1. Report the net charge of residues surrounding Ser52, where surrounding means a beta-carbon distance below 13 angstrom and charges are Lys +1, Arg +1, Asp -1, Glu -1.
2. Shape of segment 31-94 from its Cα gyration tensor (a ≥ b ≥ c, root eigenvalues): rounded if a/c is under 1.5, otherwise prolate when a/b > b/c, or oblate?
3. What distance in nm separates the simple spin-label points at Ile27 and Tyr131, each placed 7 Å from Cα in the Cβ direction?
4. Just check segment 28-141 against the gyration tensor rule for me: Cα atoms, a ≥ b ≥ c as the square roots of the eigenvalues, rounded for a/c under 1.5, and otherwise prolate or oblate depending on whether a/b exceeds b/c.
5. Quick one: ranking His13, His103 by accessible area, 1.4 Å probe, largest first, what do you get?
6. Mind checking which aspartates and glutamates have their Cα closer than 18 Å to the Cα of Lys85? Skip sequence neighbours fewer than 8 apart in that chain.
7. Order the following by accessible area, largest value first: Glu29, Glu37. Probe radius 1.4 Å; ligands, DNA and RNA are ignored.
8. Along segment 116-121, what does the Karplus equation 6.51 cos²θ - 1.76 cosθ + 1.60 (θ = phi - 60°) give for ³J(HN,Hα), rounded to whole Hz, x for Gly and Pro?
Amino acid sequence: TPQITVQNSGYVHLNMIHDERDGNLVILEALRDVPFEIKRLYYITNLENSVSVRGKHAHRELEQIIFCVQGSFTLGLDDGKSKQKILMNKVNVGVRLGKMLWHTMEDFSDGCVLLVVASDYYKETDYIRDYDNFLYLALQQ
(Lines give C-alpha, C1' and ligand atoms only; values in the text may rest on other atoms or scores of the structure.)
Protein backbone atom coordinates (compact mmCIF):
# COMPACT_ATOMS: atom_id res chain seq x y z
CA THR A 1 0.00 0.00 0.00
CA PRO A 2 1.66 3.27 -1.07
CA GLN A 3 2.00 6.05 1.48
CA ILE A 4 -0.66 8.75 1.26
CA THR A 5 1.02 12.12 0.84
CA VAL A 6 -1.93 14.52 0.56
CA GLN A 7 -3.34 16.25 3.63
CA ASN A 8 -6.64 15.30 5.28
CA SER A 9 -6.39 11.65 4.29
CA GLY A 10 -5.06 8.28 5.42
CA TYR A 11 -5.77 4.58 5.33
CA VAL A 12 -8.34 2.70 7.38
CA HIS A 13 -7.59 -1.00 7.79
CA LEU A 14 -10.51 -3.22 8.72
CA ASN A 15 -10.32 -6.64 10.33
CA MET A 16 -10.83 -9.43 7.84
CA ILE A 17 -11.47 -13.02 8.81
CA HIS A 18 -10.78 -15.58 6.10
CA ASP A 19 -13.07 -18.58 6.62
CA GLU A 20 -11.66 -21.03 4.07
CA ARG A 21 -14.42 -22.03 1.62
CA ASP A 22 -16.99 -19.88 3.42
CA GLY A 23 -15.43 -16.61 2.22
CA ASN A 24 -14.18 -13.51 3.98
CA LEU A 25 -15.86 -11.52 6.73
CA VAL A 26 -14.83 -7.84 6.86
CA ILE A 27 -15.81 -5.92 10.00
CA LEU A 28 -16.29 -2.14 10.29
CA GLU A 29 -17.13 -0.51 13.63
CA ALA A 30 -17.97 3.17 14.05
CA LEU A 31 -15.79 5.07 16.53
CA ARG A 32 -13.30 2.17 16.49
CA ASP A 33 -12.24 1.52 12.90
CA VAL A 34 -13.86 4.74 11.68
CA PRO A 35 -12.97 7.84 13.74
CA PHE A 36 -16.48 9.29 13.60
CA GLU A 37 -20.11 8.42 14.16
CA ILE A 38 -21.51 7.07 10.90
CA LYS A 39 -24.62 9.01 9.86
CA ARG A 40 -24.78 7.92 6.23
CA LEU A 41 -23.72 4.92 4.20
CA TYR A 42 -23.97 4.58 0.44
CA TYR A 43 -22.65 2.37 -2.31
CA ILE A 44 -22.07 2.82 -6.03
CA THR A 45 -22.59 0.07 -8.63
CA ASN A 46 -23.06 -0.40 -12.39
CA LEU A 47 -20.15 1.81 -13.40
CA GLU A 48 -19.01 1.96 -17.01
CA ASN A 49 -15.23 1.68 -16.99
CA SER A 50 -14.56 3.70 -20.14
CA VAL A 51 -16.74 6.72 -19.37
CA SER A 52 -17.53 6.94 -15.66
CA VAL A 53 -15.81 9.52 -13.47
CA ARG A 54 -17.33 9.96 -10.02
CA GLY A 55 -16.64 12.46 -7.29
CA LYS A 56 -15.23 15.67 -8.78
CA HIS A 57 -15.88 17.61 -5.58
CA ALA A 58 -14.68 18.34 -2.06
CA HIS A 59 -16.51 18.89 1.23
CA ARG A 60 -16.26 21.78 3.63
CA GLU A 61 -16.92 19.71 6.77
CA LEU A 62 -17.99 16.18 5.86
CA GLU A 63 -15.58 13.31 6.42
CA GLN A 64 -15.91 10.02 4.60
CA ILE A 65 -14.11 6.73 4.18
CA ILE A 66 -14.26 5.02 0.81
CA PHE A 67 -13.81 1.29 0.22
CA CYS A 68 -13.73 -0.87 -2.88
CA VAL A 69 -15.67 -3.97 -1.89
CA GLN A 70 -15.62 -5.54 -5.36
CA GLY A 71 -13.18 -5.09 -8.23
CA SER A 72 -10.91 -2.06 -8.45
CA PHE A 73 -10.79 1.65 -9.30
CA THR A 74 -8.39 4.59 -9.19
CA LEU A 75 -8.94 7.17 -6.46
CA GLY A 76 -7.60 10.66 -7.18
CA LEU A 77 -6.83 12.91 -4.19
CA ASP A 78 -5.96 16.62 -4.27
CA ASP A 79 -5.47 18.83 -1.21
CA GLY A 80 -4.86 21.98 -3.24
CA LYS A 81 -1.08 21.68 -2.96
CA SER A 82 -0.36 18.10 -3.94
CA LYS A 83 -2.13 15.36 -5.86
CA GLN A 84 -2.03 11.60 -5.63
CA LYS A 85 -3.64 8.57 -7.29
CA ILE A 86 -4.27 5.34 -5.41
CA LEU A 87 -5.34 1.99 -6.80
CA MET A 88 -8.23 0.77 -4.67
CA ASN A 89 -8.44 -3.02 -4.83
CA LYS A 90 -8.35 -4.36 -1.25
CA VAL A 91 -11.74 -5.08 0.33
CA ASN A 92 -10.55 -4.33 3.87
CA VAL A 93 -8.58 -1.13 3.19
CA GLY A 94 -10.35 2.20 2.89
CA VAL A 95 -9.13 5.75 2.38
CA ARG A 96 -10.24 8.67 4.51
CA LEU A 97 -11.63 11.57 2.51
CA GLY A 98 -11.25 14.39 5.01
CA LYS A 99 -12.43 17.97 4.87
CA MET A 100 -11.26 20.10 1.95
CA LEU A 101 -9.98 17.18 -0.11
CA TRP A 102 -10.92 17.13 -3.80
CA HIS A 103 -11.49 13.55 -4.94
CA THR A 104 -12.30 11.63 -8.07
CA MET A 105 -12.94 7.97 -8.82
CA GLU A 106 -12.30 6.44 -12.26
CA ASP A 107 -10.88 3.45 -14.18
CA PHE A 108 -13.48 1.08 -12.72
CA SER A 109 -13.12 -2.65 -13.30
CA ASP A 110 -16.11 -4.68 -14.43
CA GLY A 111 -18.45 -5.28 -11.50
CA CYS A 112 -16.76 -2.68 -9.31
CA VAL A 113 -18.65 -1.75 -6.13
CA LEU A 114 -17.70 1.23 -3.94
CA LEU A 115 -18.86 1.62 -0.34
CA VAL A 116 -18.69 4.95 1.49
CA VAL A 117 -19.38 5.77 5.13
CA ALA A 118 -19.96 9.43 6.02
CA SER A 119 -19.87 11.53 9.18
CA ASP A 120 -23.06 13.45 8.44
CA TYR A 121 -26.29 13.46 6.51
CA TYR A 122 -26.43 14.83 2.95
CA LYS A 123 -26.18 18.63 2.79
CA GLU A 124 -25.72 20.24 -0.62
CA THR A 125 -24.26 23.37 1.02
CA ASP A 126 -21.27 21.31 2.21
CA TYR A 127 -20.20 20.45 -1.36
CA ILE A 128 -17.58 22.39 -3.32
CA ARG A 129 -18.19 21.41 -6.94
CA ASP A 130 -16.11 24.05 -8.74
CA TYR A 131 -12.40 23.15 -8.82
CA ASP A 132 -11.18 26.77 -9.04
CA ASN A 133 -13.29 27.68 -6.00
CA PHE A 134 -11.87 24.65 -4.16
CA LEU A 135 -8.30 25.77 -4.91
CA TYR A 136 -9.06 29.27 -3.68
CA LEU A 137 -10.57 27.96 -0.42
CA ALA A 138 -7.85 25.33 0.11
CA LEU A 139 -5.09 27.89 -0.23
CA GLN A 140 -6.80 30.13 2.36
CA GLN A 141 -6.28 27.49 5.06
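The values are calculated or read from the model by the stated rules, or taken from the named source; none is laboratory data. Predicted model, so just to flag it, every value in this text is computed and none were measured. Positions of Cβ are generated from backbone atoms using ideal geometry, with glycine treated the same way; all protein chains shown enter the neighbour counts. The protein model used for the area step is the full one, side chains on, heavy atoms only, and it has no ligands, DNA or RNA in it. Shrake-Rupley method; radii C 1.70, N 1.55, O 1.52, S 1.80 Å.
1. Working: positive: Arg54, Lys56; negative: Glu48, Glu106, Asp107, Asp110.
Computed value for this residue: -2.
2. Numbers: a/c = 1.56, a/b = 1.16, b/c = 1.35.
Verdict is oblate for segment 31-94.
3. So the label points at Ile27 and Tyr131 sit 4.2 nm apart.
4. On the way: a/c = 1.74, a/b = 1.19, b/c = 1.47.
Verdict is oblate for segment 28-141.
5. Values: His13 110, His103 5 Å².
The residues order as His13, His103, largest area first.
6. Lys85 reaches Glu106, Asp107.
7. Working: Glu29 75, Glu37 115 Å².
Most to least solvent-accessible, the answer reads Glu37, Glu29.
8. My calculation for segment 116-121 gives 10, 10, 10, 7, 8, 6 Hz in order.
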